[in-house]
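The values are calculated or read from the model by the stated rules, or taken from the named source; none is laboratory data. Bear in mind that the values here come from a model prediction, so they are computed numbers and not experimental data. Heads up, the Cβs are rebuilt from the backbone with ideal geometry, glycines too, and the neighbour counts pull from every protein chain shown.
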Amino acid sequence: MSITARRVGDDDPGVQMSESAAPAPLLTEIDHIAIAVPDLGAAIDYYRDTFGATVDHREVVESDGVEEALLKVAESYVQLLTPTRDDSTVAKWLANRGGPGIHHVGYRVADCAVALESVKAQGFRVLDDAPRPGSRGTTVAFIHPKDALGTLIELVQE
Ligand code: CMX
Ligand code: CO
């Protein structure tokens, strides 16, 4: 929560400390770190051979044109992500970047609709106007990276 020191004019003398209007905490946990890769099998092998991490869940998310492999790390996941078709935004992202890397962060929220409305009410661009189905039965919504410190954010309700 940020504290703003505000000096006010002569007609209202003195210095006041006022708290900015922050919402109640919306993020309950890191749900996943998503790493986009050109070769899902090779990425799974890397995590297994290097860290002993194994696949907990695998799914094709047709709406996003991706296939994911989720590796469980404590209560969170590493989401290895690869495009399933050329017009997938992840295919474009990999081509622009020229290789694998962190694509987005998924934060767990208690209520995706409430969190999304809070972000929208603050004037930030979102990529989903309403919550939609994600993988493994979750409900998700994405926030535009240009309005989120250059990081694509996925709000995830389990
Ligand atoms: N993280 C940070 N910045 C990103 C980004 C990302 N993942 N993807 C794109 N950008 C930036 C680009 O660098 C570019 O910046 P500049 O204008 O400064 O060059 C800008 O955003 C626009 O990029 P773009 O290449 O034109 O990309 P698009 O607008 O075609 O798509 C985005 C970007 C974020 C709108 C799109 O990827 C999207 O809608 N994502 C949400 C859905 C999604 O990511 N699904 C896959 C995962 C599914 C899952 O996890 O289940
Ligand atoms: Co994700």
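Quick notes on this structure:
- Residue list for the stretch 133-158, filter: more than 9 Å from ligand 1 (Cβ to nearest atom), more than 16 Å from Asp31 (Cα to Cα) and not in a loop (DSSP other than H, G, I, E, B): Asp147
- Filter result (in contact with a helix residue (DSSP H, G or I) (Cβ under 6 Å, 6 or more places away or on another chain) and assigned to a strand (DSSP E or B)) within the stretch 104-125: Val109
- Considering residues of the stretch 46-93 that are within 15 Å of ligand 2 (Cβ to nearest atom) and among the aromatic types (Phe, Trp, Tyr) only, the residue nearest to Asp31 (Cα to Cα): Tyr77
- Test: residue in the stretch 108-120 that is within 12 Å of ligand 2 (Cβ to nearest atom) and under 13 Å from the mean Cα position of the chain (by Cα): yes
- Residues in the stretch 28-72 that are touching a residue at least 40 places away in the same chain (Cβ under 8 Å) and of a type in the set (S, T, N, Q): Thr28, Ser63.
- The residue that is farthest from ligand 1 (Cβ to nearest atom), counting only those in the stretch 39-69 that are over 27 Å from Ala141 (Cβ atoms) and in contact with a helix residue (DSSP H, G or I) (Cβ under 7 Å, 6 or more places away or on another chain), is Thr54.
- The one condition from (1) farther than 18 Å from Val66 by Cα; (2) assigned to a strand (DSSP E or B) that Ala130 does not meet is (2).
- The C-beta contact set for the stretch 89-113 (first residue among the basic types (Lys, Arg), second residue within 13 Å of ligand 1 (Cβ to nearest atom), distance under 7 angstrom, 6+ apart or interchain) comprises Arg108/Asp31; Arg108/Val156.
- Subset of the stretch 70-85 (residues that are near ligand 1 (Cβ under 10 Å from one of its atoms) and not hydrophobic (A, V, I, L, M, F, W, C)): Gln79, Pro83
- Matching option when the condition is at positive phi and at pLDDT 85 or above, among Gly14, Gly52, Gly41: Gly52
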